[in-house]
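Asker: Here you go, one structure.
The values are calculated or read from the model by the stated rules, or taken from the named source; none is laboratory data. Remember, predicted model here, so these are calculated numbers, not experimental data. Neighbour counts run over all protein chains shown; Cβ positions are idealised from the backbone, glycine included. To get the accessible areas, we keep the full protein, side chains included, count just its heavy atoms, and leave off ligands, DNA and RNA. Shrake-Rupley method; radii C 1.70, N 1.55, O 1.52, S 1.80 Å.
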Amino acid sequence: MKYLIWANFKMNKSTKELKEYLEVFKSKYACFLHIDLMIAPVTSGLWIASELLEWSCINLWSQNMYFEESWAYTWEISPSMLNELNCTYVIIWHSERRQYFNETNEFINKKVKAAISHRIRPILCIWESLEQKNKWLTKEVLKIQLIEGLWWVEDVSKVDIAYEPVWAIGTWETATPEYIEEIHDYIRELVWNDESRIIYGWSVKPDNSKQLISIKNVNWFLVWSASLDPESFLKIAEVE
Ligand code: 13P
């Protein structure tokens, strides 16, 4: 199986910085045999990144999208606009979208369906808070998020799931390997197919990526802070 490592730049890197990053990155990146690297710049950088990455084996994906095609939706980007930019994946319901932008479950479910119908693979993020974890509610919370996010999605194998243990926020801690394995196994049971990838998305760093990739049902990473520097992002990819 091919591992996939996603860089989510969040709201970082101006177009100039992005261009510099991609140039350094392309000069050092020789295609890994078992690994695909994906980069999600801020929306303003999608066009330049799409041009710069056109002939490379680095793929482009989007941090978000709206579910409608066009109309009066200030600041939004539609699925077919992402098709034009060669974005093959989109992240949906990142914990920050829920925490700071109040995206509801119903809203998210429409995005998942719109992405699939435009041949863009959605990555649905799920997570529990520290309070929920301490009350042993993790599995229940994740199950509800999956049910609501995937409501009436005909083919769940067209969706990937990212697990973000956000309670480790602001630390250089990760969940323990045993904890991650238990949760990833549980998610695998819930999605009921082998094609949905279950992505681990918190505090992945060059010094823990090898250990994390060896955990059962962890094949992909979603990385923010350690992806902002091209050298550090490439070191994470040296798991093969
Ligand atoms: P870090 O990689 O900095 O822990 O961020 C995780 C994340 O939010 C990925 O989208």
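Asker: Hey, among the residues in region 68-98 that are free of Cβ contacts under 8 Å to residues at least 60 places away in the same chain, aliphatic (A, V, I, L, M) and closer than 18 Å to K113 by Cα, which one's most open to solvent (accessible area, probe 1.4 Å)?
Answerer: Going through the qualifying residues, I end up with M81.
Asker: Of everything in region 177-205 that's among the aromatic types (F, W, Y) and away from the ligand (no atom under 12 Å from the Cβ), which residue is most open to solvent (accessible area, probe 1.4 Å)? Even if it seems obvious, please write down each step before you answer.
Answerer: Narrowing region 177-205 to residues among the aromatic types (F, W, Y): 179, 186, 192, 200, 202.
Keeping just the survivors that are away from the ligand (no atom under 12 Å from the Cβ) gives 179, 186, 192.
Numbers: Y179: 47, Y186: 36, W192: 215 Å².
The qualifying residue most open to solvent (accessible area, probe 1.4 Å) is W192.
Asker: Could you list, in sequence order, the residues of region 26-43 that are part of a loop (DSSP other than H, G, I, E, B) and under 16 Å from L228 (Cα atoms)? Steps first, answer last, please.
Answerer: First, the residues of region 26-43 that are part of a loop (DSSP other than H, G, I, E, B): 29-34, 41-42.
Residues satisfying the conditions are Y29, P41, V42.
Asker: Restricting to region 108-136, and then to whatever is hydrophobic (A, V, I, L, M, F, W, C) and open to solvent by 60 Å² or more (accessible area, probe 1.4 Å), can you tell me which residue is nearest to W6 (Cα to Cα)?
Answerer: Among them, the one singled out is L130.
Asker: Condition check: at negative phi and within 9 Å of the ligand (Cβ to nearest atom). Does E231 satisfy that? Don't jump to the end; show me each part of the working.
Answerer: On the way: at negative phi: yes; within 9 Å of the ligand (Cβ to nearest atom): no.
Criteria not met by E231.
Asker: Is region 206-214 home to any residue that is within 12 Å of the ligand (Cβ to nearest atom), at negative phi and open to solvent by 10 Å² or more (accessible area, probe 1.4 Å)? If you could, list the steps in order and put the result at the bottom.
Answerer: From region 206-214, those within 12 Å of the ligand (Cβ to nearest atom) are 206, 208-209, 212; that's our starting set.
Applying the additional criterion that residues be at negative phi yields 206, 208-209, 212.
Pick out the ones that are also open to solvent by 10 Å² or more (accessible area, probe 1.4 Å) and you get 206, 208.
Yes - at least one qualifying residue is present in region 206-214.
Asker: Take the conditions within 22 Å of Q99 (Cβ to Cβ) and either away from the ligand (no atom under 16 Å from the Cβ) or part of a loop (DSSP other than H, G, I, E, B) (or both) and apply them to V218. Does it pass?
Answerer: The answer is no for V218.
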